[in-house]
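Contents: one structure, followed by commentary.
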Amino acid sequence: MSPAGGHRGRRDAVGGAGGGANALDALVRDARSAVSPLRRTLQDIFEQAAEVSEGKVASYIPELARADPAWFAVSVVTTAGECFDLGDSHRLFTAQSISKPFVYGMALTDHGREGVLERVGVEPTGEAFNSIVLDPATNRPFNPMVNAGAIATTDLLLGKDYPERVGRLLGALGKFAGRDLYVDNGVFMSERETGHRNRAIAHLMKAFAIVGDHFEESLELYFQQCSVLVNSHDLAVMAATLANDGTNPLTREQALESTYVKNVLAVMLSCGMYDYAGEWMWRVGLPAKSGVAGGLLAVVPGVLGIGVYSPLIDAKGNCPRGVKTCKEFSARFGLHCFAAASERRDQRAEINGSAR
Ligand code: DON
């Protein structure tokens, strides 16, 4: 495992988009991150989390079962653009449910808050991510982080036809990641062939007119978004973009109107970790989202984004190594959203080495 500097090539690719200035920024960022106390602390947390062996590789989508359980990566990107990558941070995997908060941001942009709330609630369910439950009072899915709510959210994405909707989706996710993203067709086909439960959910919502006539096309789009390939560095950039009021700190491109960021972060905090969301908020206190292929991202608003990859998944669909990493990170830096002032260490000073 090469803990440091593995991304110089790709980061230059990101820098490449903006030419000389960005390349110099990248160089300065590299130099600073290499000596930062944050890197030492991250290395320590990484080694601790690597000891966690709980969980198993998901297989209900057969293609996911090909992942090596030993793969592990942690990445952090600050709103100032500093990047820290440890472990298998080049390793690509599919975003799965991590696509949901970003697609929710697109739906808010397309329809506004009330327009989306008409179709998808914002209440935690306390149930599993793929549970076939709707709110008995409104027949709406409870929130956009569980599969039902995510499928209804994707159904809201505007576009004259399927290719245009796919193009918009990949374009939007790419703005968050700061590079073009692609779909893993093997995982897409595998999910499509075994997606009976999601189909049942979609048909149930059609019966209650929660989704529209093109709902089967929307289900295809949902399988596409779940099959988008990312790595831990991409997840950290996507999280840092949310931490930076919707603007990507590396490309400086706006990925989401700042007014909607609070709504995306709110459902990530209350629902992002499914039926572990309560304990997560109690222990870690950061907006987060997990994916069944082993990704986990967490946001420290105004400061940084964290991206973790470990294909070992627990019964709730979260990766235990990612949970351990974020628990440690939150505890050591006082990152909990309700942390007392005395607990909040000056993260920025910590990050750029000026802490005393
Ligand atoms: O629809 C599914 O079941 C998957 N494509 C996504 C589920 C998932 O990532 C759950 N997260 N932990």
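Worth pointing out:
- Rounded to the nearest 10 degrees, the angle from helix 185-194 to the longest Cα principal axis of the chain is 40 degrees.
- Dividing the mean sequence gap of close Cα pairs (under 8 Å, 6+ apart) by how many residues the stretch 98-226 holds gives a relative contact order of 28 percent.
- 0 to 90° range, to nearest 10: angle between helix 215-226 axis and the chain longest Cα axis: 20
- Label separation (ARG40 vs LYS160): 5.9 nm, computed from points 7 Å beyond Cα along the C-beta direction.
- For the chain, the equivalent ellipsoid derived from the Cα gyration tensor has semi-axes of 31, 21, 20 Å, listed largest first.
- Volume of the Cα convex hull of the stretch 103-206, divided per residue and given in Å³: 119
- Sorted largest first, extent of the stretch 85-163 alpha carbons per principal axis (Å): 47, 35, 20
- Net lengthening on full extension, THR194/ALA209 (0.36 nm per residue, minus Cα-Cα): 3.0 nm
- In plain terms, the chain from LYS262 to SER342 could stretch by 26.3 nm, reckoned as 0.36 nm per residue minus the Cα-Cα distance.
- Within-13-Å neighbourhood charge of GLY105 [Cβ basis; K, R +1; D, E -1]: +3
- Only helical runs count toward this figure. For the chain, summing -39,500 (n - 2.57) over DSSP H runs of n ≥ 4 and dividing by all residues gives -15000 deg cm²/dmol at 222 nm.
- Acute angle (nearest 10 degrees) that the helix 8-18 long axis makes with the longest principal axis of the chain, alpha-carbon atoms: 70
- Over the chain, relative contact order from alpha-carbon pairs under 8 Å, at least 6 apart, %: 24
- For the residue pairs LYS56/LYS289; LYS160/LYS262; LYS262/LYS289; LYS56/LYS316, the C-alpha atoms sit more than 21 angstrom apart in LYS160/LYS262.
- Over the Cα atoms of the stretch 148-283, the radius of gyration divided by the Kirkwood radius equals 0.98; this is the Rg/Rh ratio.
- Computed over neighbours whose Cβ is under 12 Å from that of PHE338, the net charge equals +1, Lys and Arg +1, Asp and Glu -1.
- Radius 10 Å from Cβ of LEU256, net charge of other residues (Lys, Arg +1; Asp, Glu -1): -1
- Residue with peak Gaussian network fluctuation, the chain [Cα springs, cutoff 10 Å], from LEU221, LEU158, LEU265: LEU158
- Sulfur and carbon atoms: percent of accessible area, the stretch 223-356 [1.4 Å]: 50
- Ordering of 42-53, 97-108 by burial proxy (mean other Cβ atoms within 10 Å per residue, highest first): 97-108, 42-53
- Potential lengthening between ARG66 and ASP110 on full extension [0.36 nm per residue; Cα-Cα distance subtracted]: 12.2 nm
The values are calculated or read from the model by the stated rules, or taken from the named source; none is laboratory data. Values in this document were obtained by computation on a predicted structure and should not be read as measured data. Don't worry about glycine lacking a Cβ; one is built from the backbone with ideal geometry, like all the others, and counts go over all protein chains shown. Quick note on the areas: whole protein, heavy atoms, side chains included, nothing else; ligands and nucleic acids left out. Shrake-Rupley method; radii C 1.70, N 1.55, O 1.52, S 1.80 Å.
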